[in-house]
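Just below is one structure, and these are the notes that go with it.
The values are calculated or read from the model by the stated rules, or taken from the named source; none is laboratory data. It should be emphasised that the depicted structure is a prediction, and the values quoted were computed from it without experimental measurement. Cβ: placed from backbone, ideal geometry, glycine included. Neighbour counts: every protein chain shown.
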Amino acid sequence: MRNIELNEKDALIVVDVQDDFCPGGALAVERVFIAGLAADYCVQFTTEHAIERGFDTYVFSDATEAIADKQEALDTLRGKGATLVETNIVKTPAGRLA
């Protein structure tokens with residue numbers, strides 16, 4: 001995967017995915033990157049919903065934790081269609097994020 005260049009439009013947090021954000025919608029968002037606690041709960045459900053809506057879905061494995069077994073949770077996410085990546089692929093205007 002190539003590096004991701006961040007700009008001022010990339011700091012967007014959406015709690016409820018609206019049709020405008022879906023592929024083909026007004027904002028034409030195609031990729032989502034997910035990180036957080038509870039890879040086996042919240043992150044899993046968010047990942048599943050993003051995949052169901054047609055997004056290319058990436059999970060930051062090094063910025064995600066699980067309640068139970070982390071590797072098992074990440075394997076489950078991969079099996080559902082998510083691509084696991086690490087935060088070192090993110091490059092900000094000031095340099096690398098991590």
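Some notes on this structure:
- Residue check, V43 modelled with pLDDT under 95 and assigned to a loop (DSSP other than H, G, I, E, B): no
- Where a residue in segment 64-76 is of a type in the set (V, I, T) and its partner, wherever it lies, is part of a helix (DSSP H, G or I) and surrounded by 18 or more Cβ atoms within 10 Å (Cβ to Cβ), with Cβ under 6 Å and at least six apart: T64/V43
- Residue in segment 62-81 that is within 11 Å of the chain's Cα centre (by Cα), under 19 Å from V29 (Cα atoms) and at pLDDT 95 or above present: no
- Residue list for segment 30-47, restricted to those being touching a residue at least 12 places away in the same chain (Cβ under 8 Å) and closer than 17 Å to Q71 by Cα: I34, A35, G36, L37, A38, A39, D40, Y41, V43, Q44, T47
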